[in-house]
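The values are calculated or read from the model by the stated rules, or taken from the named source; none is laboratory data. Please read these numbers as outputs of a predicted model, since none were measured by experiment. Counting neighbours? That spans all protein chains shown, and the Cβs are built from the backbone with ideal geometry, glycine included. What goes into the accessible areas is simple: the full protein's heavy atoms, side chains included, and nothing from ligands, DNA or RNA. Shrake-Rupley method; radii C 1.70, N 1.55, O 1.52, S 1.80 Å.
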Amino acid sequence: MDEIQKNLLEQVAGLHEIPAGAYNIRANGASIERNTTANIDIVTKPDKQGIDILIRPGTKKESVHIPVILSQSGLTEMVYNDFHIGDDCDVTIIAGCGIHNSGDSESRHDGIHTFYVGQNSHVKYVEKHYGSGDGKGERIMNPKTVVELGPNSFMEMETVQIRGVDSTVRSTAATLEEGAKLVITERLMTHGSQYAESSFRVDLNGADSSANLISRAVAKDDSKQLFLAVINGNQRCAGHSECDAIIMDRAKISAVPEITANHLDAALIHEAAIGKIAGEQITKLMTLGLTEAEAEAQIVNGFLK
Amino acid sequence: MLELQNLSFQVSDEDAESRENFKEIIKDINLTLHDHTFTAITGPNGGGKSTLAKLIMGIERPTSGRIVWNGTDITEMSITERANLGISFAFQQPVRFKGIKVKDLITLSAGTDKKLSAGEACEYLSKVGLCARDYINRDVDASLSGGELKRIEIATIIARNTPLSVFDEPEAGIDLWSFNNLIKVFEELHETSSNSLVIISHQERILNIADEIVVIANGSVKARGTKAEILPELLEGTGSCKFYQ
Ligand SMILES: Nc1ncnc2c1ncn2[C@@H]1O[C@H](COP(=O)(O)OP(=O)(O)O)[C@@H](O)[C@H]1O
Ligand SMILES: [Mg+2]
């Protein structure tokens, strides 16, 4: 791996070296390194790009890293990764995609991650997106996440994209069985003339299932963002979505919530707030000795933390 | 030493039916605050106390007059420049932030060059009666009560430890037990350092520990003196008090 690839790997997976546990590192369209454990198997798909990650029932405190890096300008790929997580597991999955494009043609990674989560399992899923390189070619990522949560399972999903991705259309669809719980936290920052779209569709099908979608977004310069959140309450359930956004410069943000209660005991809430940084917040930090620009940076960093 | 010279502040007031379309909130105030003094500013609501504090910090700019700090004219200086010259201000209504932790705010207050230890940050919180462990990692956001926020605000100003600190009604929303402690904190700040304190307050107990009391009403200094001179008249009751007319 060269320095550019190492940097991408560090940005998206926090990795300085080979991770512990199971992993699969994909670079420029091919798996370059892989490790499996007694409980976690990783198998290349025979018919298309991608892998199956098979996690045995009862696997606890293990992790899987599956970073993807693209440093070859002009490469576009479509990858399918399926996670089969058995019952009674407690695992952390770290995915992420870094694109370095120093050329003039577009580099693109489209990925579909599908999670089948067994009953009583707890999955923490972290996904970071990062772009670098000063070529004119765009860096594009279109991640699709499909989640099927079995009875009483719990998935926490954290997605972060704060630098360098020119265009992203992210879609997440989840179905929840009884007692299942889903918490999604999204952090998104766009700058320059970037475009980002994030759409969620959550079907609360099981009794006592619950979902919480929390999006924090900052749009700078001339960038544009669209946030779409659809929650359907089909049983006694609780759903909450929240879009909190800071708008700066000439940026534009739209938030489109849709909550549908198909059951009398479905309790659904949507909150959305878009606005510029409150002047009094900047004033307060200036009274502590920060310049206006430093105050602004502090507020944005805190907001996206 | 802080000198306010012929300080006035007007705002345009389009809604008003008066013939003049501006409102004079601070009217030709002259006031000198010497080093190592504890000044209490009091007076009726709407009298202009908070506005005066904001003029000192640079949050509002005067329509006319000058502000001189240790011989330097700071009238045109930004908030940041004044902060770096050693002026601090605890807001009457502290600001909330999503994603900034109590620890972050105290660290920023103590100064970026100084690496604040967790223990030191906790000490500032203990001073204002907050159990540090419960608060240090909390966000300074809507989850804090008004009283908690107010005490954190005071802790940030103590952490700054600057030559001049202006507190705007620090007692508001603070329970009695903490208030007793707060009085001790102000007394201690005054005794153990050469910094100056200005506290805007309606509390007799704060007025009692100040070296000097300044009464501001209708945008002007109505009276100024020691507590022996000012307190008896203030305490006669608002009905007969000449300052509150
Ligand atoms: N920027 C402003 N625009 C209009 N009116 C203001 C402004 N700032 C203060 N005021 C008015 O000036 C008066 C004094 O306010 P303030 O300084 O907050 O008084 P105090 O702190 O003594 O209660 C009030 O009537 C207030 O509404
Ligand atoms: Mg006031």
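Given the DSSP H assignment, sum -39500 (n - 2.57) over each helix run of at least 4 residues in chain B and divide by its residue total; what's the result at 222 nm in deg cm²/dmol, nearest 500?
Values: 9 runs with 85 residues, N = 245.
One gets -10000 deg cm²/dmol as the mean residue ellipticity at 222 nm.
Using Cα pairs closer than 8 Å and at least 6 residues apart in sequence, work out the relative contact order for region A:95-183, in percent.
Values: 235 pairs, mean separation 30.0, N = 89.
Computed value for region A:95-183: 34 percent relative contact order.
What shape does region B:140-245 have by the C-alpha gyration tensor, where a ≥ b ≥ c are the square roots of the eigenvalues, rounded means a/c under 1.5, and otherwise prolate means a/b greater than b/c and oblate the rest? It would help to have the intermediate numbers written out before the result.
Details: a/c = 2.00, a/b = 1.49, b/c = 1.34.
Here region B:140-245 falls in the prolate category.
With a 1.4 Å probe, how much accessible area is buried between chains B and A, both sides summed, in Å² to the nearest hundred?
On the way: alone 12030 and 13420 Å², together 23680 Å².
Summed over both sides, the interface buries about 1800 Å².
Using a 10 Å cut-off around each Cβ of peptide B:76-83, what is the average number of partner chain Cβ atoms that fall inside?
Values: counts 0, 0, 3, 12, 10, 3, 3, 6.
The per-residue average across the peptide is 5.
Choose one answer from A:Glu138, A:Glu294, A:Glu148: the residue with the largest mean-square fluctuation in a GNM of chain A with alpha-carbon springs under 10 Å.
A:Glu294
For chain B, what is the accessible area per residue in Å², given a 1.4 Å probe and the full set of protein chains? Mind showing how you got there, number by number?
Numbers: 11150 Å² over 245 residues.
Accessible surface, normalised per residue, equals 45 Å².
Any chance you could get the radius of gyration and Dmax over the Cα atoms of region A:1-54, in Å?
12.0, 32
Semi-axes of chain B's equivalent ellipsoid from the Cα gyration tensor, sqrt of 5 times each eigenvalue, largest first, rounded to whole Å?
Details: eigenvalues 176, 90, 68 Å².
Each semi-axis is the square root of five times an eigenvalue, giving 30, 21, 19 Å.
Give me the Kirkwood hydrodynamic radius of region A:167-305 in Å, from all C-alpha pairs, to one decimal place?
It is 16.1 Å.
For the protein assembly as shown, what does the convex hull of the Cα positions come to per residue, in cubic angstrom?
So the per-residue Cα hull volume is 197 Å³.
Let me know the mean shielding of A:272-282 by other chains, meaning the per-residue number of their Cβ atoms within 10 Å of its Cβ.
Details: counts 0, 1, 0, 0, 0, 1, 3, 1, 6, 6, 2.
Per residue, the number of nearby Cβ atoms from other chains is 2 on average.
Expressed in nm to one decimal, what extension gain is obtained for the pair B:Glu187 and B:Ala228 from 0.36 nm per residue of sequence separation less their Cα-Cα distance? Display every interim value, and only then the final one.
Numbers: separation 41, 0.36 × 41 = 14.76 nm, distance 1.82 nm.
Difference between extended and current length: 12.9 nm.
May I ask you to give the percent of accessible area on the protein assembly as shown that is carbon plus sulfur, with a probe radius of 1.4 Å? It would help to have the intermediate numbers written out before the result.
Working: 11060 of 23680 Å².
Carbon and sulfur together cover 47 percent of it.
Considering the Cα trace of region A:3-277, what is its radius of gyration and what is Dmax, both in angstroms?
Every Cα atom of region A:3-277 included, Rg and Dmax give 18.6, 57 Å.
Could you check which residue among B:Ser78, B:Ser109, B:Ser12 shows the biggest mean-square fluctuation in a GNM of chain B with a 10 Å Cα cutoff?
Result: B:Ser12 has the largest fluctuation of those listed.
Whole number please: convex hull volume per residue, Cα atoms of region B:9-143, in Å³. Walk me through the numbers on the way to the answer.
Numbers: hull volume 23.6 nm³, N = 135.
About 175 Å³ per residue, rounded to a whole number.
Based on the Cα atoms of region A:114-213, what semi-axes does the equivalent ellipsoid have, where each is the square root of 5 times one gyration tensor eigenvalue, given in whole Å with the largest first? Please report the intermediate quantities before stating the final value.
Working: eigenvalues 191, 26, 20 Å².
Semi-axes (√(5λ), whole Å): 31, 11, 10.
Is there a pair in A:Lys124/B:Lys103; B:Lys27/B:Lys184; A:Lys128/A:Lys224; A:Lys136/B:Lys98 whose C-alpha atoms are over 25 Å apart, and which pairs would that be?
Values: A:Lys124/B:Lys103 27 Å; B:Lys27/B:Lys184 34 Å; A:Lys128/A:Lys224 20 Å; A:Lys136/B:Lys98 36 Å.
Checking Cα-Cα distances, A:Lys124/B:Lys103; B:Lys27/B:Lys184; A:Lys136/B:Lys98 exceed 25 Å.
Show me the GluC sites (Glu not before Pro) within region A:1-109 that DSSP assigns to loop and that have at most 14 other Cβ atoms within 10 Å of their Cβ. Working shown, then result.
Working: sites: A:Glu3, A:Glu10, A:Glu17, A:Glu33, A:Glu62, A:Glu77, A:Glu106; in loops: A:Glu17, A:Glu106.
Of the GluC sites (Glu not before Pro), the ones in loops of region A:1-109 whose Cβ has at most 14 other Cβ atoms within 10 Å are A:Glu17.
What residue among A:Leu188, A:Leu226, A:Leu290 has the largest mean-square fluctuation in a Gaussian network model of chain A, using Cα springs under 10 Å?
A:Leu290
In nanometres, what is the gap between the two model label sites at B:Asn45 and B:Thr72, each 7 Å from Cα along Cα-to-Cβ?
Roughly 3.8 nm, to one decimal.
May I ask what percent, to the nearest 5, of DSSP beta bridges between residues of chain A are antiparallel? Intermediate results must be reported in sequence, preceding the final value.
On the way: 10 of 148 bridges.
Percentage antiparallel, nearest 5: 5.
Taking a virtual spin label 7 Å from the Cα of A:Met248 along the C-beta vector, which residues in region A:256-296 bring their backbone nitrogen under 19 Å of it?
A:273-296
Considering the zone a paramagnetic label at A:Leu228 would reach in this model (a point 7 Å from Cα along the Cα-to-Cβ line), which residues of region A:131-158 have amide N under 18 Å from it?
A:141-147
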